[in-house]
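Here it is, the structure, as structure tokens.
The values are calculated or read from the model by the stated rules, or taken from the named source; none is laboratory data. The structure displayed is predicted, hence computed values, not measured ones. All Cβ positions, glycine included, derive from the backbone under ideal geometry; neighbour counts span all protein chains shown. Note: areas computed on protein heavy atoms with side chains; ligands, DNA, RNA excluded. Shrake-Rupley method; radii C 1.70, N 1.55, O 1.52, S 1.80 Å.
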Amino acid sequence: MKNKHIFPALCGLIFVLLFIRLSFTPRTAFAEMMLIYSGLFALYFRAWYKKPMFSVPALILVFLAVRLPFFFHLPLLSDDFFRFLWDGLLITEGRSPYGMAPVSVDTTVFADSEFGQRLLSGMNSPDFASVYPPLNQLFFAIAAFLSGNDLLQGVNVMRGIIALSEAGMFVYFLLRYPEKIWLLAAYLLNPLVVVEGIGNVHFEAALVPCLAVAFAKFNSGHFAKAGIAWAGSILIKLTPLMLAPVFWFQSRGRSRWVFVFASSVLLLTFTIPWILNSKIVDGFGLYFHHFEFNASVYYLV
């Protein structure tokens, strides 16, 4: 019986060790990174070749073990965290990040001008004003406030927010659908999810839990709660807006309008100051004219 558990335990240990190595592998080390990613996904798909059985303690242990190594390093695959902390710093200094390009800001007026200058010099898009929605900006402000003007500390606060949102989703679905724990594990232990969320501090990892709750509430007929959760995901990143037709055509009669009312109230409450800022359109140009990854497909569509 013991031999039956040796192989899964060994695979789990190698899985964690590969994440530890990945946490301090620079993106310039392409060959090494590809080998690590290949190993991670080989182990990942091997685990889900058949519907696996997970114990809750084992899942929690691996969940923490694959995320913890990233807390010791700044993100090595993305420099977006400079912008995130910059927006948060502006808010803590009593300024709005909207409609104001970072290069036009006098960093000497900050309480710590050296920290502000470091954020500005590390930013990849200082000529464009911020376009991140209000709830995301709240996360940035919390991180900047608690950073103590230390980059790693500020980044780790954001990582903590992302980890808490993932943990909240885990608890929510575990209590309601305990028989589907293997699906929770399939998402939370996906190497891409871990690296993009905790590793690169991209807040899509905080968006997905809101969206998952929205779908769960929608399917169970709680349309007001679904609307609030969906609106919450939009207030983190705008991409869930594309799901509006799905929710609209899948709901009927009164439920449709309950959903629309709940989501509209939350969206309007948080976004009125944002959408009234005419210069925010300039910020969107950053994505449509400068970050056109695979732009040929984008233009064709």
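For region 126-156, enumerate the residues that are under 26 Å from S23 (Cβ atoms) and buried (at least 19 other Cβ atoms within 10 Å of the Cβ).
As a first pass, look at region 126-156 and keep what is under 26 Å from S23 (Cβ atoms): 132, 136, 139-140, 142-156.
Listed by number, the residues that qualify are Y132, N136, F139, F140, A143, A144, S147, G154, V155, N156.
Same structure, new question: Between G122, G88, G94, which is small (G, A, S) and either in contact with an Asp or Glu (Cβ under 7 Å, 6 or more places away or on another chain) or farther than 24 Å from T269 by Cα (or both)? Reasoning before the result, please.
On the way: G88 fails: either in contact with an Asp or Glu (Cβ under 7 Å, 6 or more places away or on another chain) or farther than 24 Å from T269 by Cα (or both); G94 fails: either in contact with an Asp or Glu (Cβ under 7 Å, 6 or more places away or on another chain) or farther than 24 Å from T269 by Cα (or both).
Result of the check over G122, G88, G94: G122.
Considering only region 52-105, how many residues are of a type outside the set (K, R) and over 19 Å from the mean Cα position of the chain (by Cα)?
27
Condition (residue is touching an Asp or Glu at 6+ places or on another chain (Cβ under 8 Å), part of a loop (DSSP other than H, G, I, E, B) and surrounded by 13 or more Cβ atoms within 10 Å (Cβ to Cβ)) applied to region 237-256: is it met by at least one residue?
yes
Could we say that A231 is in contact with a Gly (Cβ under 8 Å, 6 or more places away or on another chain) and open to solvent by less than 10 Å² (accessible area, probe 1.4 Å) here?
Details: in contact with a Gly (Cβ under 8 Å, 6 or more places away or on another chain): no; open to solvent by less than 10 Å² (accessible area, probe 1.4 Å): yes.
Taking the combined requirement at face value, the residue does not satisfy it.
Another question, then. Can you give me the number of residues within region 22-48 that are open to solvent by 40 Å² or more (accessible area, probe 1.4 Å) and under 21 Å from the mean Cα position of the chain (by Cα)?
Selection size over region 22-48: 5.
Name the residues in region 172-226 that are of a type in the set (G, A, S) and surrounded by 19 or more Cβ atoms within 10 Å (Cβ to Cβ), would you? Lay out the reasoning, then the answer.
Within region 172-226, the subset of a type in the set (G, A, S) is 185-186, 197, 199, 205-206, 212, 214, 216, 220-221, 224, 226.
Residues satisfying the conditions are A185, G197, G199, A205, A206, A214, A226.
Where in region 103-208 are the helices (runs of 4 or more DSSP H), entirely inside, with at least 1 residues that are more than 24 Å from L241 (Cα to Cα), basic (K, R) and at pLDDT 90 or above? First the steps, then the outcome.
Values: elements: 113-122, 134-146, 151-176, 181-188, 191-194.
Answer list for region 103-208: 113-122, 151-176.
Further question on the same structure: Of everything in region 50-102, what is surrounded by fewer than 22 Cβ atoms within 10 Å (Cβ to Cβ) and β-branched (V, I, T)? Give them in sequence order.
V56, I60, V62, I91, T92
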